[in-house]
Amino acid sequence: MSEKFTGSFTQQEALPEAAIEAALNVMRHGRLHRYNVAEGELGETALLEQEFAAQVGAKYCLAVASGGYAMATALRAVGVKHGDRVLTNAFTLAPVPGSIASVGAEPVFVDVTENLTIDLEDLAAKADQAKVLMLSHMRGHLCDMDRLMQICDDAGIIVIEDCAHTMGAAWNGVPSGRQGAVGCYSCQTYKHVNSGEGGLFVTDDAEIAARAIMLSGSYMLFERHLAAPPAEAFERVKFETPNISGRMDNLRAAILRPQLRDLQTQVARWNARYQVIEAGLRDTPGLTVVERPEAETYVGSSIQFLLLDWAADALQEVIARCAARGVELKWFGPPEPVAFTSRYDSWRYAKAQSLPKSDRILAGIVDMRVPLTFSLEDCAQIARIIRGEVSAVFQAAS
Ligand SMILES: Cc1ncc(COP(=O)(O)O)c(C=O)c1O
């Protein structure tokens, strides 16, 4: 009898007791709106912003309703207008081109490499096509950020970092989100901290920060922020910046603060799981492990491998055989988008673009969540199952 995995790929851990206590406290006093504070009280949302700014070494931080909202706000705050073109990754998920479409701009897709990062050659070739790059650190893979920033600085491109999958990650010790003009993070349930929905926005630029705070719906209450620029920065923008409400509330902020304090511990736990799976998959014939560069500090909350140049039906068979043994894999190859997984040619509001190099790689990307509810033994078992099924299908095909 072949072994079967019985765990859930979508079950997150319970929130820490400190988060539950903090949530109860907010519910008991009832001041959930971020600007609803008692005399002299520092609200949970303002404190969260202050703490996250310190954690990543940013001057300014804004907590918002979602990661996607943070990204759209970043695009607006750096001045992207209707009809502008914005460079972005061909390999990413729907909220990324969606944020560009939400401001009426047009995504221009940049190829993906076999390391699952943005193709810097293709980026350099397309650098004259847009003034902004929405850089998605998709599935936590960081490209050579020094080279990327060089290309963008030389071309006068403003970089916004989508760090939905890289909260806690770093490139050469610089926290993800701190090389571009803006870093955007998601606090949605499947990310590295969990408030159901939520986002964080960081920048060192006073004007971008002031615009973002006005955009998020601060009315004229920006002086209640603890990680905001001085009042003069708002004088320049407060009459010309629309209110597009997307604030965070004190309940979510309250449950995020203790989780952010635990982030490094959680990263170590994710990486221990990731490394067990990676070791179990290494040297499987037909399967390519995605190597992580030395400069990258990653967060192994998901794992990807490549079945490069496999026939689609063989790949589908691997997915089906693993599913039958309880292992939920996602594939970037099917022509129709499935659940959370879609491809650049599924986003038909964007102009049709042909990226044959990316098509080859996307057709081979297999992706799996690694929730912290899995034990190290679970991870070893999952790797055995994948290895067994990939080997069986590969041998039958060769
Ligand atoms: C790559 C990527 N960027 C951005 C987001 C947006 O995050 P949110 O769901 O908080 O809007 C997600 C969410 O799934 C994502 O996967």
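The values are calculated or read from the model by the stated rules, or taken from the named source; none is laboratory data. It should be emphasised that the depicted structure is a prediction, and the values quoted were computed from it without experimental measurement. When we count neighbours, we look across all protein chains shown, and the Cβ atoms used for this are built from the backbone with ideal geometry, even at glycine. Keep in mind that these areas ignore ligands, DNA and RNA; they rest on the heavy atoms of the full protein, side chains included. Shrake-Rupley method; radii C 1.70, N 1.55, O 1.52, S 1.80 Å.
Values as computed for the structure displayed
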read-out: Top-ranked residue in region 23-67 [being part of a helix (DSSP H, G or I) and surrounded by 24 or more Cβ atoms within 10 Å (Cβ to Cβ); ranked as nearest to the ligand (Cβ to nearest atom)]; value: G67
read-out: Output for region 221-241, where each listed residue is hydrophobic (A, V, I, L, M, F, W, C), touching a residue at least 60 places away in the same chain (Cβ under 8 Å) and crowded, with 17+ Cβ neighbours inside 10 Å; value: A227, A228
read-out: Flag for R178 being in contact (Cβ under 8 Å) with a residue 40 or more places away in the chain, over 25 Å from A19 (Cβ atoms) and charged (D, E, K, R); value: yes
read-out: Conditions (1) assigned to a helix (DSSP H, G or I); (2) open to solvent by less than 60 Å² (accessible area, probe 1.4 Å): number failed by Q275; value: (2)
read-out: Odd one out for S218 among (1) hydroxyl-bearing (S, T, Y); (2) within 16 Å of the ligand (Cβ to nearest atom); (3) buried (at least 23 other Cβ atoms within 10 Å of the Cβ); value: (2)
read-out: Flag if S195 is in contact with a helix residue (DSSP H, G or I) (Cβ under 9 Å, 6 or more places away or on another chain) and within 11 Å of the ligand (Cβ to nearest atom); value: yes
read-out: Test set (1) assigned to a helix (DSSP H, G or I); (2) within 16 Å of the ligand (Cβ to nearest atom); (3) under 18 Å from the mean Cα position of the chain (by Cα) - A212 fails condition number; value: (3)
read-out: Hits in region 242-255 (condition: touching a strand residue (DSSP E or B) at 6+ places or on another chain (Cβ under 8 Å) and either open to solvent by less than 10 Å² (accessible area, probe 1.4 Å) or of a type outside the set (K, R) (or both)); value: G246, M248, A253
read-out: Test: residue in region 139-153 that is farther than 29 Å from A339 by Cβ, open to solvent by 10 Å² or more (accessible area, probe 1.4 Å), of a type in the set (V, I, T) and out of contact with any strand residue (DSSP E or B) (no Cβ under 6 Å at 6 or more places or on another chain); value: yes
read-out: Unique residue being modelled with pLDDT of 95 or more, aliphatic (A, V, I, L, M), in contact with a helix residue (DSSP H, G or I) (Cβ under 6 Å, 6 or more places away or on another chain) and more than 16 Å from V193 (Cβ to Cβ) when the list is A63, A72, A58, A38; value: A72
read-out: Flag if R85 is at pLDDT 95 or above, among the basic types (K, R) and under 25 Å from S354 (Cβ atoms); value: yes
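Okay, residues lined up against (1) assigned to a helix (DSSP H, G or I); (2) within 24 Å of G177 (Cβ to Cβ); (3) aromatic (F, W, Y):
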{"position": "D283", "(1), (2), (3)": "no, no, no"}
{"position": "E294", "(1), (2), (3)": "no, yes, no"}
{"position": "A314", "(1), (2), (3)": "yes, no, no"}
{"position": "R321", "(1), (2), (3)": "yes, no, no"}
{"position": "P334", "(1), (2), (3)": "no, no, no"}
